[in-house]
Amino acid sequence: MHRIISTLLLLTIALGTVIVVTSEKWFIIWVGLETSTLALIPLLCSRFSPRKIEATIKYFLIQAMRAALLLKGALIQAWVTGSWSMLEPANTITSLAIVTAISFKIGLAPCHFWFPDVLQGLPFSRGLIIATWQKIAPLILLFSIKELVLTRLVLSASILSVLIGGWGGLNQTQMRKILAFSSIGNMGWIVATSAYSYKTALVMLVIYLVIKTTIFLILDLLKVSTLGHLNVIAQLSPIGITLVILTTLSLGGLPPLTGFMLKLFSLWALIGKNSIVLSIPLIVGALLRLFFYLRISFNTRLILFPHHVITLTSWRKRKSPNRISIKRWLISC
């Protein structure tokens with residue numbers, strides 16, 4: 001794609017976000033979200049490949065369904081209240097439609113199923129836009145209407161996101177899918193905090209964007225796609241792999257790194273509002289995500305990436321059985 005066209009599309013994406021943030025009418029908000037989405041589609045499928053096209057089609061279909069839900073919710077709200085203003089209290093059907101549409105946009109559970117597959121099919125530079133910039137407008141919108149929609153529904157979705165984000169990343173070896181489940185968990189933290197403190201959630205969003213952007217750019221520079229590549233990159237670029245370890249552990253919230261402030265601010269706001277019960281599943285989900293972040297750090301120090309003993313022997317190609325030495329058997333275990 002030509003550089004001028006790419007620049008115009010990126011400016012259109014930014015314009016759509018500005019329209020959403022500065023508007024108070026549901027129809028204008030819908031137009032802003034669709035402007036940003038339609039400008040992103042050509043960027044996702046540039047340099048055609050089957051996997052990119054598949055990921056782009058999935059993203060387009062999900063966002064089309066999200067746009068229909070948001071517009072229907074806004075039409076019902078305008079029909080009931082006679083106004084397109086987002087400051088009017090929403091009824092139950094409108095709240096359900098709008099919260100579901102925003103959940104699809106930011107990948108909040110149980111509307112998260114598309115996010116890991118789409119992110120896995122895109123390069124880091126394109127996935128960065130979906131994982132960071134495309135979440136700003138819907139999150140600001142959710143922060144603005146948090147008192148006008150179903151708060152219990154939002155809190156339930158955020159708790160489920162934190163748990164799924166921690167549990168789903170445990171058995172992943174692809175870095176993009178690990179980052180996707182990490183994003184799902186962090187969205188749960190931010191949305192849960194926004195129900196009690198708007199300013200704290202905004203600070204958490206800024207910290208999340210900075211850390212997520214850093215790790216995506218580093219992994220794109222080092223061409224790391226799986227956990228098995230980490231030990232190779234560790235020998236070729238010690239400084240780069242050190243940055244990977246620091247950013248991933250920071251994203252997991254390990255003190256005294258910057259990402260720990262994200263968890264600390266959230267817990268401070270929740271405990272200050274006597275929501276100790278809500279804090280328990282958030283902490284459990286954070287511990288689960290910290291486990292696979294520590295696994296990333298551990299794999300960078302391995303000389304041989306862990307494989308099953310069968311993968312280390314070519315017994316299917318041998319006519320006679322070959323004994324495995326004790327040293328090789330211990331390494332494979």
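The values are calculated or read from the model by the stated rules, or taken from the named source; none is laboratory data. All values derive from a computational prediction rather than experimental measurement. Reconstructed Cβ throughout: ideal geometry from the backbone, glycine too, with neighbour counts over all protein chains shown. When the accessible area is computed, the model is the full protein with side chains, heavy atoms only, and any ligands, DNA or RNA have been set aside. Shrake-Rupley method; radii C 1.70, N 1.55, O 1.52, S 1.80 Å.
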When the accessible area of the chain is computed with all protein chains present and a 1.4 Å probe, what percentage of it is carbon and sulfur?
71
Quote the charge dipole size of the chain about the Cα centre in Debye, to the nearest 20; the model charges only the Cβ of Lys and Arg (+1) and of Asp and Glu (-1).
1640
Run the dipole for the range 163-294 about the Cα centre, Lys and Arg Cβ at +1, Asp and Glu Cβ at -1, nothing else charged, and hand back the magnitude in debye, nearest 20.
140
With r defined as the distance between the Cβ atoms of Ile239 and Leu202 and R0 fixed at 25 Å, what FRET efficiency is calculated, to the nearest 0.05?
0.15
Given R₀ = 30 Å, what would the calculated FRET efficiency be for Leu10 paired with Ala68, taking r from the Cβ atoms and rounding to 0.05?
0.70
Only one of the listed values, (1) 22.4; (2) 21.3; (3) 20.6, was derived from the coordinates as Kirkwood radius over Cα pairs in Å; which label is it?
(2)
Within the range 65-83, list the residues whose amide N lies under 11 Å from a label point set 7 Å along Cα→Cβ of Ile41.
65
Added length on full extension, which subtracts the Cα-Cα distance from 0.36 nm per residue, Asn274 to Ile53
74.8 nm
Could you provide, to the nearest whole Å², the per residue accessible area of the range 143-243 with probe 1.4 Å?
40
Candidates per trypsin sites (Lys or Arg not before Pro) in the range 236-306, loop by DSSP, up to 15 other Cβ within 10 Å:
Lys273, Arg301
Distance between Cα centroids, the range 210-268 to the range 62-92: provide it in whole Å.
39
Under 20 Å from the Cα of Lys52, which aspartates and glutamates turn up, not counting those fewer than eight places away in the same chain?
Asp117, Asp220
Enumerate the aspartates and glutamates that Lys273 could reach by cross-link, defined here as Cα to Cα under 17 Å, with residues fewer than 8 away along the same chain left out.
Glu147
Gain in length, Thr226 to Leu209, computed as 0.36 nm per residue apart minus the alpha-carbon separation, to one decimal in nm?
3.9 nm
Counting other Cβ atoms within 10 Å of each Cβ, which trypsin sites (Lys or Arg not before Pro) in the range 1-105 have at most 12 and sit in a DSSP loop?
Arg47
Within the range 90-246, pairs of Lys residues whose Cα atoms are less than 19 angstrom apart, provided they are eight or more positions apart or on distinct chains, add up to 12
Cα long-axis angle, helix 198-222 against the chain (0 to 90 degrees, to the nearest 10)
40
Per-residue ellipticity at 222 nm for the chain, helices alone: DSSP H runs ≥ 4 residues times -39500 (n - 2.57), over residue total, nearest 500 deg cm²/dmol?
-24000 deg cm²/dmol
Just want to confirm a number: the relative contact order over the chain, from Cα pairs under 8 angstrom separated by 6+ residues, in percent.
14
